[in-house]
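Trainee: Pasting a structure here, questions to come.
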Ligand SMILES: [Mg+2]
């Protein structure tokens, strides 16, 4: 079998899909994207296509090595995301050609169903208790939320009281059996992280995610030591080398994104490294159905996978007018029951992409950009 062509599709709400064609009629799908930089990633995919066309798609590891390292300069979000989507599509081709799900090729299933969690509220959260209750009614037993919008490096007691109040409202709404995770989105300083985590400890959070930006990863050990709350991070790290020094810092959960961190191949390796440090895996996935399918293939073959993020109903999808199930021939492959999703049994990534729907959406395209936030004094602040 030979690769004949690579084609990308930019579609709402903020996604980039990749189809890799072969001379035997099998198409593999991947989702290579950095949200807000999808055209840049598409250009990287186009450059890498020059190497792949004419090659045997089954040589996934060798292609990973050549695509990641063969250009001399390596790593970072754009190149690693381009390789990630290509890697997903190659696994999809191989699974389809051999008529087995990808997780069978990764060693076979280690679980029968995978726990998932859903987002509540938006970037600058409001109505969190009502939204959490809606998610419980939909069958979820774990939610993740932002606890505030813009933060200054150090905050007033009033702002922290409001932050804590939002978490308290959610805990009151969903009781003690369901889980709450907090995403700080890298918006706060290490000092504020220590203060905020101390105040959040009584709510028994599942984890606190990305308290600080990835540039401050070296400071995470001090944050981990300062609180009993499990710390999670990793959506803005792109390889096992980016994770290497982090895993011994005391974090509890590694969150590589299979659409950013070198695909299924590299996230499996990151998961195995994490296991050696007693760190659980929770693949980051606020993206589309191909990325989610890739996450599930990893989860079902990975013993230390803890919980899976899903973009179903996430604020980006609601605002973009398109959701997780819109580009699937059979959306029932992603049926959530009791906060879990069943093991996918279809070949490859286990989904059938509705290419006609993708083509129609690509005619409209998307140009999503993340908000640029500023403090009340006009200075830049993290979104
Ligand atoms: Mg996050």
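Every number in this text was worked out from the coordinates using simple rules, so none of it is lab data. All values reported here derive from a predicted model rather than from experimental measurement. Counting neighbours? That spans all protein chains shown, and the Cβs are built from the backbone with ideal geometry, glycine included.
Trainee: Ranked by Cβ crowding within 10 angstrom, fewest neighbours first, how are 72, 207 ordered? All intermediate terms of the calculation are to be shown ahead of the outcome.
Mentor: On the way: 72 5, 207 23.
Lowest count first: 72, 207.
Trainee: So how much slack lies between residue 51 and residue 66, counting 0.36 nm per residue of separation and subtracting their Cα-Cα distance, in nm? Before the final figure, lay out the partial values.
Mentor: Details: separation 15, 0.36 × 15 = 5.40 nm, distance 0.88 nm.
Gain in length upon complete extension: 4.5 nm.
Trainee: For each of 103, 340, count neighbouring Cβ atoms within 10 Å of the residue's Cβ, then give the residues from fewest to most.
Mentor: Least to most surrounded, the residues fall as 340, 103.
Trainee: Still on this structure, please answer the following. Out of 102, 53, 33, any idea which swings most in a Gaussian network model of the chain, alpha carbons joined below 10 Å?
Mentor: 53
Trainee: For the chain, calculate the relative contact order in percent as a whole number, restricting contacts to Cα pairs under 8 Å that are 6 or more residues apart.
Mentor: Details: 844 pairs, mean separation 84.3, N = 383.
After rounding, I find 22 percent.
Trainee: Rounded, prolate or oblate: which fits the range 244-383 when a ≥ b ≥ c are the square roots of the eigenvalues of the alpha-carbon gyration tensor, with rounded for a/c under 1.5 and prolate only if a/b beats b/c?
Mentor: Numbers: a/c = 2.04, a/b = 1.05, b/c = 1.95.
Taking the square roots of the gyration eigenvalues as a ≥ b ≥ c, the range 244-383 is oblate.
Trainee: Right, next: Note down the Stokes-Einstein diffusion coefficient of the chain in µm²/s, whole number, using a Kirkwood radius over alpha carbon pairs, 37 °C, and 0.692 mPa s. Write out the running numbers ahead of the final one.
Mentor: Details: Rh = 21.0 Å.
The Stokes-Einstein estimate is 156 µm²/s.
Trainee: Order these by the 10 Å Cβ neighbour count, fewest first: 81, 259, 322, 38.
Mentor: Working: 81 29, 259 34, 322 21, 38 24.
Listing 81, 259, 322, 38 from fewest to most nearby Cβ atoms yields 322, 38, 81, 259.
Trainee: Now a separate question. Extending each Cα 7 Å along its Cβ direction at residue 2 and residue 226, get the distance between those two points in nm, one decimal.
Mentor: Placing both labels 7 Å along Cα→Cβ, they lie 5.9 nm apart.
Trainee: Now for a different question. For the residue pair residue 215 and residue 337, what label-to-label distance in nm results when each label sits 7 Å from Cα along the Cα-to-beta-carbon direction?
Mentor: 4.8
Trainee: Using only Cα atoms, figure out Rg for the range 53-109 and give it as a multiple of 2.2 N^0.38 Å.
Mentor: Values: Rg = 12.4 Å, N = 57, 2.2 N^0.38 = 10.2 Å.
Normalised by 2.2 N^0.38 Å, the Cα Rg of the range 53-109 equals 1.22.
Trainee: Any idea what angle helix 263-276 forms with the longest principal axis of the chain, computed on alpha-carbon atoms, 0 to 90 degrees, nearest 10?
Mentor: 50
Trainee: Once both labels are modelled 7 Å past Cα along the beta-carbon direction, what's the residue 363-residue 381 spacing in nm?
Mentor: 4.4
Trainee: What number, rounded to the nearest 500 deg cm²/dmol, is the helix-based mean residue ellipticity at 222 nm of the chain, given -39500 (n - 2.57) per DSSP H run of at least four residues and division by all its residues? Could you put the intermediate results ahead of the total?
Mentor: Values: 13 runs with 143 residues, N = 383.
Here the helix-only value at 222 nm equals -11500 deg cm²/dmol.
Trainee: Indicate the gyration tensor shape class of the range 3-103 (rounded, prolate or oblate), computed on the Cα atoms with a ≥ b ≥ c the square roots of the eigenvalues: a/c under 1.5 is rounded; otherwise a/b larger than b/c is prolate and the rest oblate. Don't jump to the answer; show the numbers that get you there.
Mentor: Details: a/c = 1.71, a/b = 1.25, b/c = 1.37.
Here the range 3-103 falls in the oblate category.
Trainee: Return the percentage of antiparallel bridges among DSSP beta bridges fully within the chain, rounded to the nearest 5 %.
Mentor: Values: 20 of 39 bridges.
Close to 50 percent.
Trainee: Okay, moving on. Rank by packing, highest mean first: peptides 65-71, 11-17, 176-182, with packing defined as the count of other Cβ atoms within 10 Å averaged across residues.
Mentor: Details: 65-71: 15.4, 11-17: 25.4, 176-182: 17.9.
Per-residue mean Cβ counts within 10 Å order the peptides as 11-17, 176-182, 65-71.
Trainee: Against the longest principal axis of the chain, how steep is helix 289-299, in degrees 0 to 90 to the nearest 10, with axes from Cα atoms?
Mentor: 80
Trainee: For helix 60-69, what angle does its Cα long axis make with the longest principal axis of the chain, in degrees from 0 to 90 and rounded to 10?
Mentor: Approximately 70 degrees, to the nearest ten.
Trainee: Just need the relative contact order of the range 27-149 here, percent rounded to a whole number, with Cα pairs under 8 Å and 6+ apart. Intermediate results must be reported in sequence, preceding the final value.
Mentor: Values: 128 pairs, mean separation 31.4, N = 123.
It comes to 26 percent, rounded to a whole number.
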